[in-house]
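The structure appears below as structure tokens.
The values are calculated or read from the model by the stated rules, or taken from the named source; none is laboratory data. In this text, all values refer to a predicted model and were calculated from it rather than measured experimentally. Cβ placement follows ideal geometry from the backbone for every residue including glycine, while neighbour counts extend to all protein chains displayed.
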């Protein structure tokens, strides 16, 4: 089990439309993926201001079991980048293993 201190951080998020992005991701933790995409499940296209006010988000869970960095549905990358790709907000660190 990933301990909170060892959870990978969201190093960069360039998705300006997300309610959690205020000069970086301010959610406490995010969830990545579905069975077929590496999208950020925490993304919300909203004018609402969410988050903790400080850009210190971590990856809480990752559903992309086929990712090189995924171990037991937990991300083991040192850090991730979220940005636009196939979806509005995707994990750009995702690498099919």
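Given (1) out of contact with any strand residue (DSSP E or B) (no Cβ under 9 Å at 6 or more places or on another chain); (2) at pLDDT below 95; (3) more than 11 Å from residue 21 (Cα to Cα), identify the lone condition not met by residue 84.
With (1) out of contact with any strand residue (DSSP E or B) (no Cβ under 9 Å at 6 or more places or on another chain); (2) at pLDDT below 95; (3) more than 11 Å from residue 21 (Cα to Cα) applied to residue 84, the lone miss is (1).
Out of the residues in region 28-52 that are part of a strand (DSSP E or B) and modelled with pLDDT of 95 or more, which is farthest from residue 67 (Cα to Cα)?
If we take residues in region 28-52 being part of a strand (DSSP E or B) and modelled with pLDDT of 95 or more, then 29 is farthest from residue 67 (Cα to Cα).
Can you tell me which residue among 77, 86, 55 is surrounded by fewer than 17 Cβ atoms within 10 Å (Cβ to Cβ) and part of a loop (DSSP other than H, G, I, E, B)?
After ruling out the rest, the residue left standing is 86.
If I ask for residues that are surrounded by fewer than 19 Cβ atoms within 10 Å (Cβ to Cβ), within 12 Å of the chain's Cα centre (by Cα) and assigned to a strand (DSSP E or B), which ones from region 61-74 would you list? Give the derivation first.
Taking region 61-74 first, the residues surrounded by fewer than 19 Cβ atoms within 10 Å (Cβ to Cβ) are 61, 63, 65-66, 68, 71-74.
Still in the running and within 12 Å of the chain's Cα centre (by Cα): 61, 63, 74.
Passing the criteria: 61, 74.
Which of the residues spanning region 8-27 are under 11 Å from the mean Cα position of the chain (by Cα) and either modelled with pLDDT under 95 or outside any loop (DSSP other than H, G, I, E, B) (or both)?
Residues satisfying the conditions are 9, 10, 11, 12, 13, 25.
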